[in-house]
Amino acid sequence: MADEQRPIHRKIIHIDMDAFYASVEQRDNPDLRGKALVVGGSPEGRGGVVATASYEARKFGVRSAMPSKTAQRLCPHVIFVRPRFDVYKDVSRHIREIFSRYTDIIEPLSLDEAYLDVTEDKLGIGSAIEIAQQIKQAIKDELQLTASAGVSINKFVAKIASDINKPDGLKFIGPSSIEPFMEALPVEKFYGVGKVTAAKMMAMGLHSGADLKKLTEDEMSRHFGKAGKFYYQIVRGIDNRAVQPHRETKSMGAEDTFPYDLTEIDEMYTELDKIAETVVKRLERYNLQGRTITLKVKYSDFRQITRNQSFAKPVGDLKTIAATAKSLLLNSGVDDVKIRLLGISLSNFGELPQKTGKPGDAGQLMLF
């Protein structure tokens with residue numbers, strides 16, 4: 001086995017807060033407990049987006065990032081609550097403080113989750129399972145909230161494990177159990193395998209990790225590009241990525257591959273408007289603006305280009321992002337071309353000023 005494919009055994013915990021925003025709201029308002037709840041934008045007017053749904057709402061199919069109008073249609077009695085970002089940030093700081101009692105090697109992933117490397121923990125406990133139990137109990141005792149934890153020897157398996165017994169779950173997948181576990185795992189449950197890739201795998205007769213394991217590394221790379229090598233390793237329980245403290249987002253964007261090649265500028269503009277809306281929602285979610293807007297274009301012959309424009313001050317509004325992307329596209333030449341993919345991203349970030357909490361404000365959303 002090549003050195004890069006030799007598994008490194010660490011003690012990794014993945015902590016994922018349970019319905020974080022909704023749980024905070026239910027904790028602070030007894031009238032909301034046990035009820036279907038959405039934290040996010042109102043479904044009225046142009047409508048908002050679901051930031052978090054309580055487990056009572058999830059039973060009806062309500063999910064994060066879903067349009068609020070869709071959530072209301074699925075669950076007519078759902079209660080909508082506007083986010084209180086200042087409260088969530090205070091809770092987040094407390095959670096981070098709990099983590100830091102055990103390790104300084106903490107990698108925040110998104111709004112409500114993080115990896116912890118406790119290979120060498122501060123308190124000399126030695127057991128990652130015991131540390132995960134203590135962290136969960138401290139969160140429950142000090143914040144009256146629940147978290148789920150996954151424990152394993154690498155990040156990939158720990159993340160999957162944390163989702164198995166939600167809410168308030170704890171799952172350990174040890175070294176000897178990883179390969180059988182990965183072989184039985186449906187491909188759509190692999191973290192990093194999206195709907196399109198999962199559909200492609202299933203069309204190839206690849207329905208589980210065991211099926212993926214039948215392919216050689218070259219075959220995996222040929223079918224799935226750079227990700228193929230990662231899939232090849234992870235189905236064998238190999239993920240040597242280190243937990244990286246202070247991980248910083250360098251860019252944020254969205255892209256779409258179309259079911260047919262675009263040839264008309266109006267079609268291209270329509271798709272750019274949709275992509276720009278997705279980008280803006282993600283920027284608002286993380287309270288970010290960027291000074292550089294980048295357009296990605298992939299043609300029908302798979303040739304790919306990027307074009308970018310920078311601004312003196314950070315931008316993040318829909319009008320500017322969409323207009324800039326259209327201008328970059330137009331200047332790249334759209335006569336007699338066939339486009340299969342368009343993407344927009346922002347980089348060179350500057351954090352927004354602290355929000356007031358008034359209606360319409362998007363507050364800081366990064367959990368840690």
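A few points about this structure:
- Neighbour-count order for Lys250, Lys200, fewest beta carbons within 10 angstrom listed first: Lys250, Lys200
- Label point distance in nm, Arg27-Ser176, each placed 7 Å from Cα along Cα→Cβ: 3.8
- Cα-derived Rg to Rh of segment 178-234, Kirkwood definition: 0.91
- Largest to smallest principal axis extent of the C-alpha atoms in segment 251-351, angstrom: 39, 23, 21
- Residues Leu212, Leu123, sorted so that the one with the fewest Cβ neighbours within 10 Å comes first: Leu123, Leu212
- Packing-based ranking, highest mean first, of 311-320, 75-84, 228-237 given that Cβ atoms within 10 Å are counted: 228-237, 75-84, 311-320
- Bridgeable lysines around Lys326 (alpha carbons under 17 Å apart, same-chain partners fewer than 8 residues away excluded): Lys274, Lys296, Lys298, Lys338.
- Whole-angstrom gap from segment 151-181 to segment 281-330, using each part's C-alpha centre: 37
- Cα gyration tensor shape for segment 126-250, rounded if a/c is under 1.5, else prolate or oblate: prolate
- Computed about its Cα centre, the charge dipole of the chain is approximately 260 debye, with only Lys, Arg, Asp and Glu carrying charge at their Cβ.
- An oblate overall shape is assigned to the chain, the ratio a/c of its alpha-carbon gyration tensor axes (a ≥ b ≥ c) being 1.5 or greater and a/b not exceeding b/c.
- Positive-end residue of Phe258, Met204, Phe181, charge dipole of the chain with Cβ unit charges: Phe258
- Between Gln144 and Ala242, full extension at 0.36 nm per residue minus the direct alpha carbon distance yields a gain of 32.2 nm.
- Note on segment 10-173: Kirkwood hydrodynamic radius from all Cα pairs is 16.4 Å, rounded to one decimal.
- Note on segment 113-187: along the principal axes its Cα atoms extend 39, 27, 16 Å, ordered by decreasing extent.
- Burial ordering of Asp273, Asp121, fewest other beta-carbon atoms within 10 Å first: Asp273, Asp121
Read-outs throughout are calculated quantities, based only on the coordinates presented, and are distinct from any laboratory measurement. Note that the structure is a prediction, hence the values are computed from the model and not measured. Positions of Cβ are generated from backbone atoms using ideal geometry, with glycine treated the same way; all protein chains shown enter the neighbour counts.
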